[in-house]
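Below is one structure, written out as structure tokens, with a few remarks after it.
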Amino acid sequence: MTSDEISNLSHLLISVNRFCAVYLPGHYEKFFSIRKTKFLILTIWITSIVGCIILYELIGCNLYYDKSSWTLAFIQTKKCVQLTWYSDFGFNISLVVLTLVTNLLTAFKARRNSQTLMNAAGIKMSKTQKQRELNFIRQTFFQGLSVATGQITYYLIAPILTNPVITFVVGTLWGFMHAVEG
């Protein structure tokens, strides 16, 4: 769970980094110097580790192996169901949507900047450049889709399934989402 949180927050940081590079190029170094970037990465790691220790160890909303569904599940107390809904599902879906929107805004602005420069120079955009921009938009979209799919299937779809094999496949997608998003 800690690596999942670190991954989602790191994707957001990368997205904000790109956004600042495109929208605020004059201030980019102020926000993302090597030292500040290292600090932000360290903050992501510490925040994720401490947050997971609090939620899973101190509060006790651990994952356990559920034999009936063949998956990992959170302890089903009222407190844990509510906490994990907001701290895991709500938080991570918010990160995914924010990352996706930020990346798409960045791609839009970068394409506009590129077209403006090309038009000013009287040059047509090459097929390679168009393909690169299209690939970035595709990657951004599918990255967001894969992470959101993992969260949605675990929290909304897996609980209503009755077949243990299908429940296992659908309920464990969240664990594999980062492997397929690249």
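The values are calculated or read from the model by the stated rules, or taken from the named source; none is laboratory data. Values in this document were obtained by computation on a predicted structure and should not be read as measured data. FYI the Cβ positions are ideal-geometry reconstructions off the backbone, even for glycines, and counts take in every protein chain you see. Surface accessibility is based on the protein's heavy atoms, side chains included, excluding ligands, DNA and RNA. Shrake-Rupley method; radii C 1.70, N 1.55, O 1.52, S 1.80 Å.
Quick look at the values:
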| read-out | value |
| --- | --- |
| Farthest toward positive dipole pole in the chain [+1 Lys/Arg, -1 Asp/Glu at C-beta], among Ser33, Ile160, Thr84 | Ser33 |
| Gain upon complete extension [Phe89, Ile137; 0.36 nm per residue less C-alpha separation] | 14.8 nm |
| Area accessible to solvent at Phe89, 1.4 Å probe radius, in Å² | 30 |
| Spin-label model distance (nm) - Arg35 vs Asp66, 7 Å beyond Cα toward Cβ | 4.9 |
| Hull volume in cubic angstrom per residue (convex hull over the Cα atoms of segment 102-148) | 44 |
| Percent accessible area from carbon and sulfur atoms, segment 1-181, protein chains only, probe 1.4 Å | 70 |
| For q = 0.17, 0.19 Å⁻¹, Debye-computed log10 I/I(0) when each Cα of segment 1-181 counts as one equal scatterer | -1.11, -1.27 |
| Distance (nanometres) between label positions extended 7 Å along Cα→Cβ at Ile54 and Tyr28 | 3.5 |
